[in-house]
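Participant: The structure that follows is given in the form of structure tokens.
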Amino acid sequence: MPKPSSQPAASYFSRVSILRLSLLAATVVVLIYGVIYPNLAVLSASLRQDDSWTFVHYTSVLSQRSTIEALINSILLSIGTVVLCAIVGVSLAFLFERYTFPGRRLFSVLAALPLVLPPLVGTIAFIFLLGESGILSRLIQGSFRLQSAPWTLRGWPALLLFHTYTMYPFFYVLTGAGLRRIDASLAEAARSLGAHRLTVLSRVVLPQLTPSLVAAGLLTFMTSMASFSAPLFFGGGVRVLTLEIYGARQRGDAEMAVTETVVLAVISLAALIFFQRYEGTRRFVAAALKGTTRRREIIPKGLARNLATVAAIVFSLMLVSPVLTLILVSFAPEGSWTTQAIPAQYSLSNYVRLFSEPQSGEVFLNSFAMSAIAAVAALAWSFCVVSLVAGESGSGSQHSRAAKYGKRFVSLLVLIPWALPGTVVAVAVAEAYGRRSLLLGSFVLVGTFWILPVVYFLRFMPLVVRAVQASMEQIDPALSEAAGSLGAKVLRRFMRVTLPLIWPGAIAGTLLAFVIGLGEYVASVLVFVPINRPISIAIASEMRDFNLGTAAAYGVVLIGIIAIVMIAAGRLERLRG
Amino acid sequence: MFLLSLKNISKTFGSTRAVKDVSLDVEQGEFFGLLGPSGCGKTTTLRMIAGLERPDTGAIAFDATDITHLPPERRGFGMVFQNYALFPHLNVFENVAFGLRARHKTRDEMRERVNSALELVQLPGYEKRRVDELSGGQQQRVAIARAIAIEPALLLFDEPLSNLDVSLREETRSELRELVTRLHLTAVYVTHDQEEAYALCDRISVMVGGSIMQTGAPRELYERPAEISVARFLGRNNLIRAMRLSSSKTTEAEFKTLEGGHTLRLSLDSGDLQPLNQPVFLAIRPEHVRITASSSNGNLPNTLKAEVREIVFGGATSTVRVDANGLALEALVLQPDGLRVGSICEVSLPPEKLSALKNA
């Protein structure tokens, strides 16, 4: 019978600590350079004047009517967006998750479409469809022989409409997932105890949905706070903080820009804390191990079924029409679409231009390279963070209190760039590395190609970390323990057990970060330079030059690439299941 | 010389003391059971033996070598997990070969050992199957094959049968015991199912609340529980509160029951005399309680008059619940002939079957 080896255990543990130390070093360096220093740099810049500490920027900024107005508008717009998205998203989730009827699948396939539409591309698609000279307005104007456009796509209604269109999926997707997760036997138990349908809804179903609703509310609020493209293109004078910051930077008013950036950051972080506190008090753990899942009820033939089917078709049309519009416009030669409802001529000229001009090739290459660098770096770094935060299984109990707080602190720092609007991240990096800095010495990041990959990395790494972490948490810790008991050491356990199980989820998260990077506009517009001009900047400048067809063609190609990558990511997700 | 020795092992999670000062010894070739209710610390103890948890205090020795701080992969113990922990991304062959790969075995040796392990668990020909295509019982066998393929110095089981249905559980149980004996393995087996422990183990430690209450052969535990917690956990014991009388002799003690005021005599080892005038518990198994309708028991010791309260038909045996002047007793009989609810009967509690428990 083999004896357990009697080599001293000390060498084993010290090797583990060297590994852990290098992971820790990688994690800490990125957090200091990417999160702590830039954000402190913004904060300190907002508090300094002529080498002394002062609140003068805040008193001057907050005494300006325009800032206060932007502040109030941003918050009101976000609250309004949350309310509208909740109404639309939750009702649709109940309709499409609980019942089945013709057309249901069509809508469920399309429902999340707005989530992958880059905001800038969505914005121009809205202009082409619903703007004063957009297809729909002209069709209505023409058919009713109106003197002028039936509406204007400007101001509050336009912003709320666009926000609801792009952000309702947060509520739809999360509520739908929540409804699917609820153990149907709980509702059945309530019914058997004599509870009315409505009582079941309010006392059993809704309380269990609360975590999903809170999470959706948080996502919607933060996305709306960070919204930039829509207010820029059809805000119609509605001041919001992101626009004010952009304006201040364009004017060269650095103090105002950093101070407003801090204000925007504080609101976003406050919202994060508020929602997480609330979520923490309302978390439910499924008491039963095995639950029964609810089957979708079939709506019997009749008025209700017809109405539901019509709703499914109408909503599906609403979801795809901006994209269809974009495709239509992309085939209209420049200058050919003037006063007609829909373009009169169609050709491939815009695409030919796109693929023949070296400039546009360069733009695609830039976006591809920068997003890929950022996504791959985020993936590599995520492994460091997650293996550090998750720790070695089995020894969980041995961690000291200090280590536990350290882990919590690291998780919090990782979350910060996610909670901050893109505008804030870009301004922070620009402020920190726009001159000689403590951390980089005389190397100035601003003005180089690398500024955008760095900003993209910071913006999207929380997404990748979460994807890797979620995959890691799904793995039964007993698997790693079993591998250990069979004689596998740390590295073998990771390579042979952990990695094969998490890579589909990790790669899917990385691909998502990659496609969001491809269409990134908010942060890019603040810090791009000619040598790293991304796709979004090209689209915006084509729009400014009224090259509508070319702008649309850029958008269509971008959507095409995103669709291909997302399908690949979806395949991977299924592989994981 | 014991193969495995745990000396005063303790483990605390947060503010919960999961394992308190546990010591136990396992002999070479022994099938050793850790039995206890859920949350009693038996799995934590097993995980410390495996090296998956490190004890806060105490020492673990294997084959006279201290292994307290040795990482699991260096212990060479095979472990079968409750949920099997089969690697979902690997097929049956790769799962069983996992530990052999970690030991850098040659391909031929690996194939040979995987095949023989699969044959031992009666799954030859399943090498290429995905583990999620297997039934619960087959997954179980793969988990066992994986653990024995490394020729473990010690085999650890964490409630391995609890996810199987009843008939499969009994079948697998006897196969498991046969396999361990045939391969001359030493095993530590954690379970909360006493029947399973009795059927499998040579010796059993009963754990309650993080401590080992009693260690012994199955029959010894069953018939003579030493502790009230053990008697309660093993269940179906008549527990009688009583006080030792001063009239007791050293070899035969006399107790007065608190309910009913009966005087009961039982044989005691001279070593463990109960203190006087303090309530203790006496225990007797229901199948050892004799019950008759007539007064034919008259000359037996510890005979009490009682009224039949309930007769529960249970197939081969029936349970008769009686009340002897306030003392409730349960008896297991083959044929409840002549007994009716409400009728008067005689129950006798044989002195050699009555045990006095520590801790009242």
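For (1) more than 14 Å from chain A (Cβ to nearest Cβ); (2) part of a strand (DSSP E or B); (3) surrounded by fewer than 20 Cβ atoms within 10 Å (Cβ to Cβ), each residue gets a yes or a no:
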site	(1), (2), (3)
B:86	no, no, no
B:119	yes, no, yes
B:146	no, no, no
B:151	no, no, yes
B:170	yes, no, yes
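Participant: Answer yes or no as to whether residue A:490 is touching a His at 6+ places or on another chain (Cβ under 9 Å) and within 13 Å of chain B (Cβ to nearest Cβ). Before you say what the answer is, go through the steps one by one.
Facilitator: Values: touching a His at 6+ places or on another chain (Cβ under 9 Å): no; within 13 Å of chain B (Cβ to nearest Cβ): yes.
In short, no.
Participant: Before we move on, is residue A:415 modelled with pLDDT under 90 and farther than 20 Å from residue A:512 by Cβ? Outline the logic, then answer.
Facilitator: Values: modelled with pLDDT under 90: yes; farther than 20 Å from residue A:512 by Cβ: no.
No; evaluated as a whole, the condition is false for this residue.
Participant: Here's a follow-up. From the residues in segment A:497-514 that are within 13 Å of residue A:377 (Cα to Cα) and of a type outside the set (S, T, N, Q), which one is surrounded by the most Cβ atoms within 10 Å (Cβ to Cβ)?
Facilitator: Keep residues of segment A:497-514 that are within 13 Å of residue A:377 (Cα to Cα), which gives A:506-507, A:509-511, A:513-514.
Checking which are of a type outside the set (S, T, N, Q) leaves us with A:506-507, A:509, A:511, A:513-514.
Working: A:506: 25, A:507: 23, A:509: 28, A:511: 21, A:513: 26, A:514: 26.
Step by step, filter segment A:497-514, then rank; the result is A:509.
Participant: Here's another thing I want to ask about it. Give segment A:418-454 a look and list any residue that's charged (D, E, K, R) and within 25 Å of residue A:518 (Cβ to Cβ), or say none. Show your work before the answer.
Facilitator: Initially, segment A:418-454 is screened for residues charged (D, E, K, R), giving A:431, A:435-436.
Selection gives nothing.
Participant: What strands (runs of 3 or more DSSP E), lying completely within segment B:5-77, carry at least 2 residues that are of a type outside the set (A, V, I, L, M, F, W, C) and either in contact (Cβ under 8 Å) with a residue 60 or more places away in the chain or surrounded by 23 or more Cβ atoms within 10 Å (Cβ to Cβ) (or both)?
Facilitator: Working: elements: B:16-26, B:31-35, B:57-62.
By residue number, B:16-26.
Participant: Mind checking which residues of segment B:172-187 are under 17 Å from the mean Cα position of the chain (by Cα) and either touching a residue at least 40 places away in the same chain (Cβ under 8 Å) or in a loop (DSSP other than H, G, I, E, B) (or both)?
Facilitator: B:177, B:186, B:187
Participant: Test residue A:137 against the stated conditions and say whether it is at pLDDT below 85 and among the hydroxyl-bearing types (Ser, Thr, Tyr).
Facilitator: Working: at pLDDT below 85: no; among the hydroxyl-bearing types (Ser, Thr, Tyr): yes.
When the stated conditions are applied, residue A:137 does not pass them.
Participant: So, in segment B:123-140, how many residues would count as being in contact (Cβ under 8 Å) with a residue 24 or more places away in the chain and either among the basic types (Lys, Arg) or not in a helix (DSSP H, G or I) (or both)? Can you show your working first?
Facilitator: First, pick out the residues of segment B:123-140 that are in contact (Cβ under 8 Å) with a residue 24 or more places away in the chain: B:123, B:126-132, B:134, B:136-137, B:139-140.
Remaining after also requiring either among the basic types (Lys, Arg) or not in a helix (DSSP H, G or I) (or both): B:123, B:126-130, B:134.
Result for segment B:123-140: 7.
Participant: Identify the single condition in (1) more than 18 Å from the chain's Cα centre (by Cα); (2) closer than 30 Å to residue B:113 by Cα; (3) outside any loop (DSSP other than H, G, I, E, B) that residue B:241 does not satisfy, given that it satisfies every other one.
Facilitator: Among (1) more than 18 Å from the chain's Cα centre (by Cα); (2) closer than 30 Å to residue B:113 by Cα; (3) outside any loop (DSSP other than H, G, I, E, B), residue B:241 violates only (2).
Participant: Since residue A:530 meets every condition but one in (1) free of Cβ contacts under 8 Å to residues at least 24 places away in the same chain; (2) within 14 Å of chain B (Cβ to nearest Cβ); (3) surrounded by fewer than 19 Cβ atoms within 10 Å (Cβ to Cβ), which condition does it not meet?
Facilitator: (2)
Participant: Being within 12 Å of chain A (Cβ to nearest Cβ) and within 19 Å of residue B:171 (Cα to Cα) is the filter here, so list the residues in segment B:121-143 that pass it. It would help to see each step written out before you state the result.
Facilitator: Within segment B:121-143, the subset within 12 Å of chain A (Cβ to nearest Cβ) is B:131-132, B:142-143.
Within segment B:121-143, B:142, B:143 meet the criteria.
Participant: To continue, here is another question. Scan segment A:424-446 for residues that are in contact (Cβ under 8 Å) with a residue 24 or more places away in the chain and either closer than 27 Å to residue A:225 by Cα or assigned to a helix (DSSP H, G or I) (or both) and report the count.
Facilitator: 11
Participant: Working carefully through the options A:6, A:22, find the one that is at pLDDT 50 or above and over 25 Å from residue A:452 (Cα atoms). Break it down into steps so the answer makes sense when it comes.
Facilitator: Details: A:6 fails: at pLDDT 50 or above.
Selected residue: A:22, the only one of A:6, A:22 that is at pLDDT 50 or above and over 25 Å from residue A:452 (Cα atoms).
Participant: Report yes if some residue within segment B:316-326 is more than 30 Å from the chain's Cα centre (by Cα), under 14 Å from residue B:239 (Cα atoms) and either part of a loop (DSSP other than H, G, I, E, B) or at pLDDT below 90 (or both); otherwise report no.
Facilitator: Scanning segment B:316-326 turns up at least one residue that is more than 30 Å from the chain's Cα centre (by Cα), under 14 Å from residue B:239 (Cα atoms) and either part of a loop (DSSP other than H, G, I, E, B) or at pLDDT below 90 (or both).
Participant: Look through segment A:316-336, keep the residues that are buried (at least 21 other Cβ atoms within 10 Å of the Cβ) and more than 23 Å from the chain's Cα centre (by Cα), and return whichever of them is farthest from residue A:122 (Cα to Cα).
Facilitator: A:332
Participant: Here is a follow-up. Of the residues A:467, A:488, which is crowded, with 23+ Cβ neighbours inside 10 Å and under 20 Å from the mean Cα position of the chain (by Cα)? Explain how you work it out, then say what you get.
Facilitator: Values: A:488 fails: under 20 Å from the mean Cα position of the chain (by Cα).
After ruling out the rest, the residue left standing is A:467.
Participant: Another question, if that's okay. Quick check on my filter: what residues within segment B:57-84 are among the β-branched types (Val, Ile, Thr) and either facing another protein chain (nearest Cβ under 7 Å) or closer than 20 Å to residue B:184 by Cβ (or both)?
Facilitator: B:65, B:67, B:80
Participant: Right, here's the next one. If residue B:163 meets every condition in (1) in a loop (DSSP other than H, G, I, E, B); (2) buried (at least 17 other Cβ atoms within 10 Å of the Cβ); (3) within 14 Å of chain A (Cβ to nearest Cβ) apart from one, which number is that one?
Facilitator: (2)
Participant: Moving to a separate point now. Would you point out the residue of segment A:110-154, among those that are under 18 Å from residue A:512 (Cβ atoms) and among the aliphatic types (A, V, I, L, M), that is surrounded by the most Cβ atoms within 10 Å (Cβ to Cβ)?
Facilitator: Quick first cut of segment A:110-154, residues under 18 Å from residue A:512 (Cβ atoms) only: A:111-122.
Applying the additional criterion that residues be among the aliphatic types (A, V, I, L, M) yields A:111-113, A:115-117, A:120-121.
On the way: A:111: 21, A:112: 15, A:113: 19, A:115: 17, A:116: 17, A:117: 22, A:120: 29, A:121: 26.
If we take residues in segment A:110-154 being under 18 Å from residue A:512 (Cβ atoms) and among the aliphatic types (A, V, I, L, M), then A:120 is surrounded by the most Cβ atoms within 10 Å (Cβ to Cβ).
Participant: Taking residue A:386, is it touching a residue at least 40 places away in the same chain (Cβ under 8 Å) and either part of a helix (DSSP H, G or I) or surrounded by 13 or more Cβ atoms within 10 Å (Cβ to Cβ) (or both)?
Facilitator: Working: touching a residue at least 40 places away in the same chain (Cβ under 8 Å): yes; either part of a helix (DSSP H, G or I) or surrounded by 13 or more Cβ atoms within 10 Å (Cβ to Cβ) (or both): yes.
So residue A:386 passes the test.
Participant: Sort out for me the helices (runs of 4 or more DSSP H) sitting completely within segment A:483-577 that have 3 or more residues that are of a type in the set (A, V, I, L, M, F, W, C). Spell out how you get there, then give the answer.
Facilitator: On the way: elements: A:490-493, A:499-518, A:524-527, A:535-544, A:548-576.
It comes to A:499-518, A:524-527, A:535-544, A:548-576.
Participant: Scan (1) within 14 Å of chain B (Cβ to nearest Cβ); (2) modelled with pLDDT of 90 or more for the single condition residue A:79 breaks and write down its number.
Facilitator: In the conditions (1) within 14 Å of chain B (Cβ to nearest Cβ); (2) modelled with pLDDT of 90 or more, residue A:79 misses (1) alone.
Participant: Here's something else I'd like to know. Touching a Phe, Trp or Tyr at 6+ places or on another chain (Cβ under 9 Å) and either buried (at least 23 other Cβ atoms within 10 Å of the Cβ) or polar (S, T, N, Q) (or both): is that true of residue B:180 in this structure?
Facilitator: no
Participant: Let me ask you something else. Restricting attention to segment B:89-105, which residues are at the interface with chain A (Cβ under 7 Å from one of its Cβ atoms) and in a loop (DSSP other than H, G, I, E, B)?
Facilitator: Of everything in segment B:89-105, those that are at the interface with chain A (Cβ under 7 Å from one of its Cβ atoms) and in a loop (DSSP other than H, G, I, E, B) turn out to be B:89, B:103.
Participant: Then there's this: Can you give me the number of residues within segment A:493-510 that are more than 7 Å from chain B (Cβ to nearest Cβ) and without any contact (Cβ under 8 Å) to a residue 40 or more places away in the chain?
Facilitator: Step one: list which residues in segment A:493-510 are more than 7 Å from chain B (Cβ to nearest Cβ), which gives A:493-496, A:498-499, A:502-510.
Within this subset, residues satisfying the condition of being without any contact (Cβ under 8 Å) to a residue 40 or more places away in the chain are A:493, A:495-496, A:498-499, A:502-503.
Going through segment A:493-510 one residue at a time, the tally reaches 7.
Participant: Give me the residue from segment B:285-315 that is among the β-branched types (Val, Ile, Thr) and either more than 26 Å from the chain's Cα centre (by Cα) or farther than 24 Å from residue B:223 by Cα (or both) and, out of that set, surrounded by the fewest Cβ atoms within 10 Å (Cβ to Cβ). Before you say what the answer is, go through the steps one by one.
Facilitator: Initial filter on segment B:285-315 (among the β-branched types (Val, Ile, Thr)): B:289, B:291-292, B:303, B:308, B:311-312.
This time we only want the ones that are either more than 26 Å from the chain's Cα centre (by Cα) or farther than 24 Å from residue B:223 by Cα (or both), so: B:291-292, B:303, B:308, B:311-312.
Working: B:291: 21, B:292: 18, B:303: 19, B:308: 21, B:311: 16, B:312: 11.
Applying the filter and picking the extreme gives B:312.
Participant: Right, next: If you take the residues in segment A:337-378 that are in a loop (DSSP other than H, G, I, E, B), β-branched (Val, Ile, Thr) and touching a helix residue (DSSP H, G or I) at 6+ places or on another chain (Cβ under 9 Å), which one is surrounded by the most Cβ atoms within 10 Å (Cβ to Cβ)? Explain how you work it out, then say what you get.
Facilitator: Initially, segment A:337-378 is screened for residues in a loop (DSSP other than H, G, I, E, B), giving A:337-348, A:357.
Among the residues that remain, those that are also β-branched (Val, Ile, Thr) are: A:338-339, A:342.
Going one step further and asking which of them are touching a helix residue (DSSP H, G or I) at 6+ places or on another chain (Cβ under 9 Å), we end up with A:339, A:342.
On the way: A:339: 7, A:342: 13.
Here the answer is A:342.
The values are calculated or read from the model by the stated rules, or taken from the named source; none is laboratory data. Just so we're clear, the structure is a prediction, and the values are computed from it rather than from any experiment. Methodologically, a virtual Cβ is constructed for each residue, glycine included, from the backbone with ideal geometry; neighbour enumeration extends over all protein chains shown.
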